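A short worksheet on the structure shown next.
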Amino acid sequence: MPLSHTDKVSTWDEIEDSTLVQLVYVSSLTIASRLSASIFDEVESHARDYNQQHGITGTLCYGSGHFLQCIEGEKAHVYALKQRIFADSRHKDVEVLLLQTIEHRSFADWRMRLLFLERWLWSPATKNQATQLSPYLPFAPHGWSPVRTEQFLHIIKTFDSPPHVKAAGITYNALGNMFRHIAAPHQAFLIIQGFLSVLLVVALILLYL
């Protein structure tokens, strides 16, 4: 059973270290982190190494500047990881949405999968499987109830592939991806407009010489 908001902190001490738990928290990236082109690669690589060593599974979701992470594993390892994550200066406004003991993992085969929940980052093949996410977009998970959080997790764990452009991960920051998304379908138009703009500038210079 999910624990109430007031019980989330005190209950850590009441859970045996070997008990399987699920922790879901949300946070927001700082401005400096949003401008970092390597932020997602750093998070993903560090999580992969630590989680493999400590039997941690789950999913990390990102959208509109917000993270939602579900962490599953033995209480001792999850708690230690929580302490590290909450002390990370790359994000802020950290809030625990859900903490509960579980019998089985929801993301046993995922290790720690990174999902981008912004439509303009999705590949065409992904959009078909992600239609159920519409009620949760634009992504703003702060303040979600435990019920809404569990419903969201239930949806994303059924995905065959992670909903973002590149299965290996996004290697550009959000601003760069937005530019690529807007510019890519109109490359020819932009090139022509750029060329015409250059001609216009040259003509004006010649006119006033």
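The values are calculated or read from the model by the stated rules, or taken from the named source; none is laboratory data. A quick note: this is a predicted structure, and the numbers were derived from the prediction, not measured. Because the Cβ atoms are built from the backbone with ideal geometry, glycine has one as well, and the counts that use them run over all protein chains shown. Surface accessibility is based on the protein's heavy atoms, side chains included, excluding ligands, DNA and RNA. Shrake-Rupley method; radii C 1.70, N 1.55, O 1.52, S 1.80 Å.
For region 38-96, a tally of residues being among the small types (Gly, Ala, Ser), out of contact with any Leu (no Cβ under 8 Å at 6 or more places or on another chain) and surrounded by 18 or more Cβ atoms within 10 Å (Cβ to Cβ) returns 1. Take the residues in region 35-60 that are under 14 Å from Arg113 (Cα atoms) and aliphatic (A, V, I, L, M); name whichever of them is modelled with the highest pLDDT. Here the residue is Ile56. For region 74-88, the criterion of being modelled with pLDDT under 90, out of contact with any Phe, Trp or Tyr (no Cβ under 6 Å at 6 or more places or on another chain) and under 20 Å from Leu153 (Cβ atoms) is met by none of the residues. Please go through (1) modelled with pLDDT of 65 or more; (2) on the phi < 0 side of the Ramachandran plot; (3) not in a helix (DSSP H, G or I) for Leu200 and return the number of the only condition it doesn't satisfy. Here Leu200 clears every test but (3). Listed by first and then second residue, the pairs with beta-carbon distance under 6 Å, at least 6 apart or on different chains, first residue in region 36-50 and closer than 19 Å to His66 by Cβ, second surrounded by 14 or more Cβ atoms within 10 Å (Cβ to Cβ) and modelled with pLDDT of 70 or more, are Ile39/Ser33; Glu44/Leu114; Ala47/Met112.
Give the residue that is most open to solvent (accessible area, probe 1.4 Å), with candidates limited to residues of region 1-34 that are at pLDDT below 70 and not charged (D, E, K, R).
Met1
Within region 108-141, the only residue that satisfies the criterion of being at pLDDT 75 or above, surrounded by fewer than 16 Cβ atoms within 10 Å (Cβ to Cβ) and either under 27 Å from Asp49 (Cβ atoms) or in contact with a Lys or Arg (Cβ under 6 Å, 6 or more places away or on another chain) (or both) is Ala108.
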